[in-house]
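Everything on this sheet refers to the single structure shown next.
Quick note: the coordinates plus some simple rules give every number you see, no bench work behind them. Since we're looking at a predicted model, the values are computed, not measured. Note that we place each Cβ from the backbone using ideal geometry, even for glycine, and neighbour counts take in every protein chain shown.
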Amino acid sequence: MIEIQKVTKQFQDKKVYVTALKHVSFTVEKGQVVGLLGENGAGKTTLLRTVATLLSPTEGSVRVHGFDTQKNPDEIKKRIGVLFGGETGLYDRLTARENLEYFATLYGLSKHETKVRIDDLSKMFGMKDYLNRKVGEFSKGMRQKVAIARTLIHNPEIILFDEPTTGLDITSSNVFRQLVHQLKREGKTIIFSSHIMEEVSLLCDTVAMMHKGELVHHGNLEQLYQSEGNRDLNYIFMSKLVRGNNHYAS
């Protein structure tokens, strides 16, 4: 479903090159929920943006559903939904409904399909009471719900979430967790970055741990617990950083 092969990404800051990703390789199978773990600056967002076709790798390649991100970006964009932390992509002067209708149009949904999707998503996120209010009046939690609905409006096969619960209250965070469980039951493929270990433990089949642009571990979460003899994901993560990627196992 998603094949990341020896991806390196460098940015130029004046005359200095900064390496955000270093030879990252792993595969995400259809229907998997993958937690992307790492401290700030580890390369999580850069990797997700590369998968989403928003950045081109300096070296290596990414294939999504068989399509190369550099050669067939439009084919990939049809199949993915993306939400990056702090970037809701919503228009404050439009109502929640108008925002969702606009993005549905961009994805080519018919009026009937759009109405059905909006009705379903508004029930899922409890947005019915404010669906016809302007987004500019919304709290952070309300905006985030609409932003997640925007991400899902075209019923994508693959969903990328970057720090989706940052700044949300407990209720909104729980709504997100319930959503991931539901999407998993529907067979969706999900990658979400987080620094909240409990969230990853509750939601993910597989975990990918990153540190300073490198992948230090990728594999099944339950197998990781067994191999480490410990179910404290925070402890395991810190231990992996100390040992480095010489012990990397996929």
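Numbers below:
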read-out: Between helix 170-185 and the chain: long-axis angle, C-alpha atoms, 0 to 90°, nearest 10; value: 80
read-out: Rounded, prolate or oblate (a/c below 1.5 giving rounded, otherwise prolate when a/b exceeds b/c) for segment 1-130 by Cα gyration tensor; value: prolate
read-out: Assigned charges on the beta-carbon of Lys, Arg, Asp, Glu; segment 179-223 dipole about Cα centre (debye); value: 140
read-out: Ranked list, fewest to most other Cβ atoms within 10 Å of each Cβ, for T19, T171; value: T171, T19
read-out: Rounded if a/c under 1.5, otherwise prolate or oblate - the chain, Cα gyration tensor axes; value: prolate
read-out: Spatial separation of Cα centroids for segment 87-111 and segment 215-229, in angstrom; value: 40
read-out: Cβ-based exposure ranking for L21, L183, in which fewest neighbours within 10 Å come first; value: L183, L21
